[in-house]
């Protein structure tokens, strides 16, 4: 079974752009989406029950209901999910926030792209991460 990527982001335009760029580079890849941390944890549970594996969770920080930092904390605290790599994908460039994410177990911290070419480079980087897991 092919492993998928989950993007957790409350902005529908960011989810659509991510999907468009990633699938243009890597057609046929499996993507899952959640609009906040609470829905992400529910989706992780559902995918776990269905034995659908993820190679990566891409997590925005600034979301309603359950923010990215708390979602990361809960993912890494759950034995079922703690080995899934999590990459933070945020507009925030706050170094304290960045260090906290690494302390909580994030594999990487990427600032959301401001150009199409940056989006393509991020997609390639995420694909490389997935190929390792």
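All of the numbers you see were taken from the coordinates with simple rules; none came from a lab. As the structure is a prediction and not an experimental result, all values here were calculated from the model. Neighbour counts are summed over all protein chains in view; Cβ atoms, including those assigned to glycine, are modelled from backbone coordinates with ideal geometry.
Checked against the criterion of being closer than 19 Å to residue 107 by Cβ and either out of contact with any helix residue (DSSP H, G or I) (no Cβ under 7 Å at 6 or more places or on another chain) or in contact (Cβ under 8 Å) with a residue 60 or more places away in the chain (or both), the range 62-73 has at least one qualifying residue.
Just one of (1) touching a strand residue (DSSP E or B) at 6+ places or on another chain (Cβ under 7 Å); (2) over 17 Å from residue 6 (Cβ atoms) fails for residue 119. It is (1). For the range 86-101, name all the residues that are over 14 Å from the mean Cα position of the chain (by Cα) and not in a loop (DSSP other than H, G, I, E, B). Scanning the range 86-101 gives 95, 96, 97, 98, 99, 100.
Hey, among the residues in the range 56-80 that are farther than 11 Å from residue 36 by Cα and assigned to a loop (DSSP other than H, G, I, E, B), which one's farthest from the chain's Cα centre (by Cα)? In this case the residue turns out to be 79. Filtering the range 102-121 to residues that are within 26 Å of residue 27 (Cβ to Cβ), touching a helix residue (DSSP H, G or I) at 6+ places or on another chain (Cβ under 8 Å) and in a helix (DSSP H, G or I) leaves 116, 119, 120. Restricted to the range 1-55, and to residues there that are touching a strand residue (DSSP E or B) at 6+ places or on another chain (Cβ under 8 Å) and either at positive phi or assigned to a loop (DSSP other than H, G, I, E, B) (or both), the residue that is surrounded by the most Cβ atoms within 10 Å (Cβ to Cβ) is 9.
Evaluated against (1) surrounded by fewer than 17 Cβ atoms within 10 Å (Cβ to Cβ); (2) assigned to a helix (DSSP H, G or I), residue 83 falls short on exactly one condition, (2).
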